[in-house]
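Please read the structure below before turning to the comments.
The values are calculated or read from the model by the stated rules, or taken from the named source; none is laboratory data. The model shown is predicted, which means the values in this text are computed figures rather than measured ones. Cβ placement follows ideal geometry from the backbone for every residue including glycine, while neighbour counts extend to all protein chains displayed. The accessibility values were calculated without ligands, DNA or RNA, using every heavy atom of the protein model including side chains. Shrake-Rupley method; radii C 1.70, N 1.55, O 1.52, S 1.80 Å.
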Amino acid sequence: MPGYTKERSSIVVIGLSVHTAPVEMREKLAIPEAEMPRAIGELCGLNHIEEAAVLSTCNRMEIYVVALSQHRGVKEVTEWMSKTSGIPVSEICEHRFLLYNKDATQHLFEVSAGLDSLVLGEGQILAQVRQVVKAGEGVLGFGRNISGLFKHAITVGKRVRTETNIAAGAVSVSSAAVELAFMKLPESSHTTARMLVVGAGKMGKLVIKHLVAKGCTKMVVVNRSEEKVAAIREEMKGVEIIYRPFTDMLACSAEADVIFTSTASETPLFLKEHVKDLPPVSSEVGGLRLFIDISVPRNVGSCVTDVEGARVYNVDDLKEVVAANKEDRLRKAMEAQAIITEELKQFEAWRDSLETVPTIKKLRAYADRIRLAELEKCLSKMGEDIPKKTRKAVDDLSRGIVNKLLHGPMQHLRCDGNDGRTLNEALENMNALNRMFGLESDLSL
């Protein structure tokens, strides 16, 4: 067909994420790892889909495809999603997001870098992107473009994490509480300050974990029962965790420099009268006993602020830690975007460079057909009983001539995809060779 140019296939992502769709919907669409090859096979069985991959996590269900036609491809994939999940097409359309080519690539790079997560920079998603590559290995439809895309996304995720340190900094209330304590303590007392944790529930346990991460090797934990504390002790090998019952709370407080409270008590555990008679703490830890209260309702009465030698911080005071981190994180997110922009250029160039591959193959095939036809003619002229050696010499001669002639044109078709200039030249050369040798028309085939 003269004038007919094949539409270049597009990379498309059709997805439902925590930002666009409710969890009930994402659950129905979730695809377990074992089902991945089947899903890829079914998707590639659709008329306009050449390659596919599925990224299915608790926060997202995204289908990446190479589609021969954007419009038809999206329609087919959406119908497939409806069929596998039982969710009507109209409902999927209402909550899905669609991105094409460069935007789709950028999206996966951002996801892999942890920029699209609820907690900025969380590390789990990178492992999940790796899992997709592992699950796709050897699956026919996990083709060149899509596997290249996912492998590149892993590189981006790794680069962002090593170069921006995006995953560091406080994210939970508990880690912020520990950060705050260390902000208020003199640096020299970071490993020696006496720590007391009141309450060993979920929050208390996290406080203990963050204290250990900061280098604390000994702490006292006050809790109703010893059971939870024993379990934490089991988990935190090499750390001295001393259990004391609630009746000993004030006695323990007398021997503590920093007191974290995280219990579900409806009434305050510490009031002014409890705290005013506690012995003063040493000047090495700053001469102030720190009460860091992460409970709502509060465990430390506001009256304690009047006590000399005591300082009280509650959940609202943690905002300074979170805010300090937020600016830091926004800066890191901007650094991450710069890395993504750079990697995006490289990936686009790599994809463009794939365009010359079919021409290289066609040119080789074309030359080889001519060579074989001429070789047959030559050998038949030479009669029946040609020695094997002569036969081989003539065959080698024909190969040598073809290879030497093709060497130049082939060099001008190849490019590594990193340099835009050579890429444009390669694509121009590709078009020229296609015209010269009639490689576009099927006649040459």
Original post:
Taking the stated definitions as given, is V197 in the same structural domain as S295 (by the TED database), touching a Cys at 6+ places or on another chain (Cβ under 8 Å) and over 30 Å from V66 (Cβ atoms)?
Top reply: no
Subject >> Checklist (1) closer than 30 Å to M334 by Cβ; (2) open to solvent by less than 10 Å² (accessible area, probe 1.4 Å); (3) assigned to a loop (DSSP other than H, G, I, E, B) applied to G157, failing item >> reply: (3)
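Let's see how each residue does on (1) free of Cβ contacts under 8 Å to residues at least 60 places away in the same chain; (2) surrounded by 19 or more Cβ atoms within 10 Å (Cβ to Cβ); (3) under 25 Å from the mean Cα position of the chain (by Cα):
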| position | (1), (2), (3) |
| --- | --- |
| P297 | yes, no, no |
| A310 | yes, yes, no |
| K319 | yes, no, no |
| A323 | yes, no, yes |
| E327 | yes, no, yes |
| A336 | no, yes, yes |
| E343 | no, yes, yes |
| E355 | no, no, no |
| P358 | yes, no, no |
**OP:** Please list, ordered by first then second residue, the pairs with beta carbon atoms under 6 Å, 6 or more apart or interchain, first in the stretch 59-79 and in contact (Cβ under 8 Å) with a residue 60 or more places away in the chain, second open to solvent by 10 Å² or more (accessible area, probe 1.4 Å) and assigned to a helix (DSSP H, G or I).
**Re:** V66/N145; T78/V89
Original post:
Scanning for something surrounded by fewer than 22 Cβ atoms within 10 Å (Cβ to Cβ), at pLDDT 95 or above, small (G, A, S) and assigned to a loop (DSSP other than H, G, I, E, B), does the stretch 38-54 turn up at least one residue?
Top reply: yes
Subject >> Residue under evaluation M382, criteria (1) of a type outside the set (V, I, T); (2) closer than 30 Å to D103 by Cβ; (3) open to solvent by 30 Å² or more (accessible area, probe 1.4 Å), criterion not met >> reply: (2)
**OP:** Report yes if A34 is in contact (Cβ under 8 Å) with a residue 12 or more places away in the chain and either within 24 Å of Q106 (Cβ to Cβ) or among the aliphatic types (A, V, I, L, M) (or both), otherwise no.
**Re:** no
**OP:** Show the residue pairs that are 6+ apart or on different chains and have beta-carbon atoms under 7 Å apart, the first residue being within the stretch 430-441 and charged (D, E, K, R), the second being exposed (fewer than 12 other Cβ atoms within 10 Å of the Cβ) and part of a helix (DSSP H, G or I).
**Re:** none
**OP:** Filter the stretch 160-170 down to the residues that are open to solvent by 20 Å² or more (accessible area, probe 1.4 Å) and not β-branched (V, I, T), then identify the one that is farthest from L68 (Cα to Cα).
**Re:** G169
Original post:
So which of S265, S282, S253 is in contact with a Phe, Trp or Tyr (Cβ under 8 Å, 6 or more places away or on another chain) and without any contact (Cβ under 8 Å) to a residue 60 or more places away in the chain?
Top reply: S253
**OP:** State whether the residues of the stretch 259-272 include one that is among the aromatic types (F, W, Y) and either touching an Asp or Glu at 6+ places or on another chain (Cβ under 9 Å) or not assigned by the TED database to the domain that holds A310 (or both).
**Re:** yes
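Assess whether R371 counts as being surrounded by 15 or more Cβ atoms within 10 Å (Cβ to Cβ) and in a helix (DSSP H, G or I).
Criteria met by R371.
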